[in-house]
Amino acid sequence: MPSFHLHGVTVQFPFAPYECQKDYMRKVIQCLQTKVNGVLESPTGTGKTLCLLCATLAWRDHTKDAISQQKIAERLDGKEMFPSIPLPSWGQANGDVSTPTSYSDVPKIIYASRTHSQLTQVVSELRNTSYKPKVCVLGSRDQLCINPEVMRQENHHVKVHMCRGKVSTRSCVFYNNVEEKSTDRELVNTIMDVEDLVKFGNKHRSCPYYLSRSLKQQADVIFTPYNYLLDPKSRRAHQIELAGSVVIFDEAHNLEKTCEQSTSFELMPYDLASAISALTRLLAEQATEAGLEESSVQGLKANIENVAKIKEMCLKLEAALDSFEAAADKGITKPGIFIYELLERASLNYDNKAAVFETLEQIIGSLAGQAGIFHNTSGLQKLSDMIQLVFPGNVPSSKLDRQKKLEENTASFKVHIHQDTSSQKKQKSSDLWASSSTKKTGNILSYWCFSPGFSMQDLVNQGVHCIILTSGTLSPLSSFTSEMRIKFPVSLENGHVIERDQIFVSVIERGPDEVPLSSAFDRRFVPENLSSLGNTVVNLSRIIPHGLLLFFPSFFLMEKTLEFWRDNGHASRIESVKPMFVEPKGKGNFTETIGGYYDAVNDSKSRGGIFAAVCRGKASEGLDFANTFGRGVIITGLPFPPKLDPRVLLKMQFLDEMNQKKIPGMKFLSGREWYREQAFRAVNQAIGRVIRHKEDYGAIFLCDQRFKSREAQLQLPSWVRPNVRLYENFGNMVRDVCQFFRVAHKMRPMLEKTTAPEPASECSASTRQSSSPRSCGSTSYLHTQKAKMLDSHTNTLKRRRPDEDAAVASIFKQYQSQSAKTARKAGSLFDALDRAENRREANGALEEQKPSQLSTLSLQYDKRLEEMMNGGKRKIKVVHEQKPSFSRGASGDGKKAIAKYFLGEMKSSLSQVNFERIRRALHSYKDTDNVDILLSETSFLTDDPHTYSLLRGLYNFVRPHHKKTFDEKCQEVTGAGCGYKPEHSESKAEMPHADVNPSRISASSSSLASTNAPNNKQGGVGNLGGSQADITPKCEVQAVFLADVKKALGPEGSARLCQAVQSYRTTDNYDNMVSVVVALFTEKDENFSLLCRLASIIRPHHKRQYKEMLRALMGGPAETAAEQNHLNDSE
């Protein structure tokens, strides 16, 4: 493995690291050497976990080497053992504050992440390194217990106390084998995760839970969920010693919330009622079985009098809470120190808290250990947890010092009392021991922490070596660190390993219908806003390949939006492109839903899938959507916390109070700043679902006008900010997105199908090939069919005025004739066909050499990039019309253009198999001169009315003596002929030149001369040698097209289109024209056929761009370079 030196430490890495990975490891080693805290942000896909493990373990090995050198030096009286051999990894670590003198003093590494599934991925990364430390993964009995009797219990607290009872009586066979198996080589020397530990336990009939606790004693690295560290109760239960340890919090973007939740509690009326009921039952059993004279309950170590006292405390606390007249929608808020006053009313304080806690633990253990009887001990457990949290440590005896200690304990807390509006009611009891207050709805006691720094300061007070917080989305770092209330001298906002051509970020201020997009409270349910957002998603789903993630601010907003889309047709339009999967609220159906999404993306017959989810939900927090599973992410708004939530309001109030106090050396966010940054932190986390490794690519769309402000963009991650693009209109954005995916697909083709990651795991998915979308031709055909069906049932909104049609028509007619290229060698249509095919094959052979010549320094659509994408070859420009008039009298260059155009039309309209059949039929006809073979091989074109035009187009390839026969056959099967005239059957030698009108000869000469003029704007392929009869059908086609445009867009839309085309004619500004056109024609699916038909007005040097945009919108595959060259030839 490659090795390198950072700050004097030799680091072994699985591969040559990128520069951003070295930067990250330098910061990690700096924290370790100088014993200071660090906050490090590195985007997903930069190998953050691997860097963290290698740098930390390298520093640990270096520290042990330094101790070895010291010991050797002591034995040799300062002399070197190998003076001629340098030992770069030995010696004092550069920058180390101090070096331990004993191997037992080398700091342990405590690596914490949010979930066990994330820890499993970390352990997997560790196995890929050259480091083999002794490791231990901590878990609860829910994950590690294998005793069938204990695991049958549904309540976690019952499991805990039942397990403790079996351990104390040594009645668990699995626990009894722990001491023997704890030194097993397989266990000690193997890097195991939770699943491996359970397998080992089942294999050797030894308890995995207690084996992990045994491994912890000798472990170099301890892996644990981070609530085990932050919750003092869990930390004590797992006996985690923090003194001198390096504490690492990975995926720390959720750390603020976890810190606050781990030191907060809510005591429900049901909890108190449950505790009272359990204590009542216990006392009643004693009175019945043993008589009132007995002083203790069978199997219960606690004095019966103490049990009765605790019940009395519960009754007093219940009465104290119910004495508050709390409004249902507001509640009562008190300072944190009020909790001591409230508990004092129940006779609970620092003086008796230890005795009460011990009695509660004995009661819970006794009830949980009763065989065959289930006792609900959740209420008693809540009281036990509350005592540990509210009464930490001890207090001084003096009254003044005692009060100061109580204020310090509660400075970060608020007490909130509010009515219980939940459906969970307290159980009624007719027993004499029960309180009458249990029969009515009570109040909830909430004791909320509003400073994550309370937990972090507690860790620092334990004497840790240093604390490192890291994640892919911590921005903005300044506000994140200010919340933690501890110093972070080392910080890093790392760059990404990807290039700029792998990411596309756009702020979509307005939808295709020019309606502003916003999820603000006053606009989120406005029908125009929801409709415009739906139209935006419809259009983006067409141009984003494979998997698309759609994030909403909340479940409520997602449900209302999807309901609107279903009622107004947007949902059906979206699902006609990609199936949509919606994140469920509960955990039960999530695996099935995400599995369906993965299957849809992997299905080669589909165009991918859409997964609709919410910010801060399961899909946005940890799942991996690498490669085709996340080619795009749409953020539909800013996910601000619910402002009416009492906890949110009190958090903002708490921060404002801290700001007003102006505590020296401490800076607090204002409530408003915190509220705003919570929204952007959730957005950043959702954005991180795409681009998961160095070769990945994807697009990010911020669909809310509030993202356009500079202040909002500064809240985005550092690797996203430089790539944000603002667009004046929707069409320009569509154009650039098409270009982005076209270039990205060519530069980073997927060679294998992508394997779906585990739905319930955060593990990375392996990279495989993405499925190919359907062909452009078939998709275009479906859109055309749908548009025709809808048009037949849609009435014109207003009658057209003749002058309006004339104005629009006058613009379109100017594109009937365009400049022709210099005349080339004349030849037959078959010769043109042969040359086109040979050129296509030659270009295909050159395709293998092109990847090395491609450049993606710019994602613009300008001519330079197109030339580079074509391997630096000279671009072949061939002028063509939408429906050229094929004439027998065309020049040789005109015939060649006809052949190229016809090949392009067939290529885009037919499947590859049918296209090859047509090509072989033409070559066979050329060799055999048998028109029957040609008619037979092309008979499949008569099966579909939409391919009749292709059959009639073959008329231009038919030799003169077969034209009449071919025309009659077309008339018979299609109902229309090919425009046969008797002179079409005459060869050139037989043409009656003497009968030709001299004026026609003059006109022909003039036309030919104009063809050779490079800047001529009147001649073109469409009128080479053509007569007035050839032009008349075109005018009819245009009239139909204009009528369809007016029907689809209405007078206002038609006027906008007319203005855009007129501007394009005079300025040749393709970008401005296409932005208007796309915005007009992509709002409705049925208008896509008009977008295709509009290609007739596009000038030759813009034809390629326009066709590629159409293919992207229609869901067609990105062409290979050979196909692009062939497209050039066909134009």
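Evaluate 2.2 N^0.38 Å with N set to the residue count of region 456-510, then give the Cα radius of gyration divided by it.
Relative to the rule-of-thumb radius for its length, region 456-510 sits at 1.65.
Leaving ligands and nucleic acids out of the surface, order 390, 526 by accessible area at 1.4 Å, largest first. Can you show the working numbers first?
Working: 390 0, 526 40 Å².
Order by accessible area, largest first: 526, 390.
What is the packing order of peptides 339-345, 649-655, taking the mean over residues of other C-beta atoms within 10 Å and listing the highest first?
Details: 339-345: 16.9, 649-655: 19.3.
So the peptides 339-345, 649-655, ranked by packing, come out 649-655, 339-345.
Whose amide H sits under 5 Å from the amide H of residue 337, counting only residues 5 or more places off or on another chain, with H placed in the peptide plane?
Amide H to amide H, under 5 Å and 5 or more residues apart or across chains, residue 337 pairs with nothing.
Please arrange 473, 441 by accessible surface area, largest first, computed with a 1.4 Å probe and ligands excluded. Before the final figure, lay out each step's value.
Numbers: 473 10, 441 80 Å².
Largest accessible area first, the residues go 441, 473.
Could you tell me whether region 163-244 comes out rounded, prolate or oblate from its Cα gyration tensor? Rule is a ≥ b ≥ c as square roots of the eigenvalues, rounded for a/c under 1.5, then prolate if a/b exceeds b/c, otherwise oblate. Show your work: numbers first, answer last.
Numbers: a/c = 1.98, a/b = 1.25, b/c = 1.58.
Oblate, since a/c reaches 1.5 and b/c is not below a/b.
What do you get when you divide the Cα radius of gyration of region 86-232 by 2.2 N^0.38 Å, with N the number of residues? Write down the numbers at each step before the final one.
Values: Rg = 17.6 Å, N = 147, 2.2 N^0.38 = 14.7 Å.
Output field value: 1.20.
Counting Lys +1, Arg +1, Asp -1, Glu -1, what net charge surrounds residue 312 among other residues with beta carbon under 13 Å of its beta carbon?
On the way: positive: 309, 311, 316, 345; negative: 305, 318.
Cβ neighbours under 13 Å give a net charge of +2.
Any idea of the accessible area per residue across region 190-244, 1.4 Å probe, to the nearest Å²? Could the numbers behind the result be given before it?
Numbers: 2130 Å² over 55 residues.
Result: 39 Å² of accessible area for each residue.
Could you tell me which of rounded, prolate or oblate describes region 436-575, using a ≥ b ≥ c as the square roots of the eigenvalues of the alpha-carbon gyration tensor, with rounded for a/c under 1.5 and, failing that, prolate when a/b is larger than b/c and oblate otherwise?
It comes out oblate by the Cα gyration axes.
Residue-wise, which Karplus ³J(HN,Hα) couplings in Hz belong to region 549-562, taking 6.51 cos²θ - 1.76 cosθ + 1.60, θ = phi - 60°, and x for glycine or proline?
9, 10, 9, 10, x, 7, 4, 4, 5, 4, 4, 5, 5, 5
Filter 907/1103; 334/405; 694/1084; 27/64; 334/661; 22/667 down to the pairs with a C-alpha to C-alpha distance above 26 Å, please. Numbers along the way, then the final one.
Values: 907/1103 16 Å; 334/405 18 Å; 694/1084 37 Å; 27/64 20 Å; 334/661 18 Å; 22/667 32 Å.
Exceeds cut-off: 694/1084; 22/667.
On average, how much accessible surface per residue is there in region 519-574, in Å², for a 1.4 Å probe, leaving out ligands, DNA and RNA? Don't jump to the answer; show the numbers that get you there.
Numbers: 1960 Å² over 56 residues.
So region 519-574 comes to 35 Å² accessible per residue, rounded to a whole number.
Could you order peptides 189-198, 930-939 by the average number of other Cβ atoms within 10 Å of their residues, highest first? Kindly include the intermediate steps, with their values, before the conclusion.
Numbers: 189-198: 17.6, 930-939: 15.7.
The packing order, highest mean first, is 189-198, 930-939.
State log₁₀ I(q)/I(0) for region 160-313 at q = 0.12, 0.19, 0.20 Å⁻¹ as given by the Debye formula over alpha-carbon point scatterers of equal weight, solvent excluded.
For the requested q values the scattering log ratios are -0.81, -1.16, -1.20.
If the convex hull of the alpha-carbon atoms of region 679-752 is projected onto planes in all directions, what is the mean projected area in square nanometres?
Working: hull surface 23.3 nm².
Value for region 679-752: 5.8 nm².
Please report the accessible area of residue 253 (heavy atoms, 1.4 Å probe, ligands and nucleic acids excluded) in Å², nearest 10.
Residue 253 has an accessible surface of roughly 20 Å² with all protein chains in place.
Mean shadow of region 1041-1097, computed from the convex hull of its alpha carbons, in nm²? Spell out each step's value before the answer.
Values: hull surface 13.8 nm².
The number I arrive at for region 1041-1097 is 3.4 nm².
With every protein chain left in place, what is the accessible area per residue of region 609-754 in square angstrom, probe 1.4 Å?
Values: 5230 Å² over 146 residues.
Accessible area per residue, region 609-754: 36 Å².
Expressed in nm to one decimal, what extension gain is obtained for the pair residue 130 and residue 928 from 0.36 nm per residue of sequence separation less their Cα-Cα distance? Before the final figure, lay out the partial values.
Working: separation 798, 0.36 × 798 = 287.28 nm, distance 7.08 nm.
Contour length minus Cα-Cα distance gives 280.2 nm.
The values are calculated or read from the model by the stated rules, or taken from the named source; none is laboratory data. These numbers come from a predicted model, not from an experiment. For neighbour counting, all protein chains shown are included, and Cβ atoms are generated from backbone atoms with ideal geometry for every residue, glycine included. Protein only, heavy atoms only, side chains kept; ligands, DNA and RNA dropped before computing areas. Shrake-Rupley method; radii C 1.70, N 1.55, O 1.52, S 1.80 Å.
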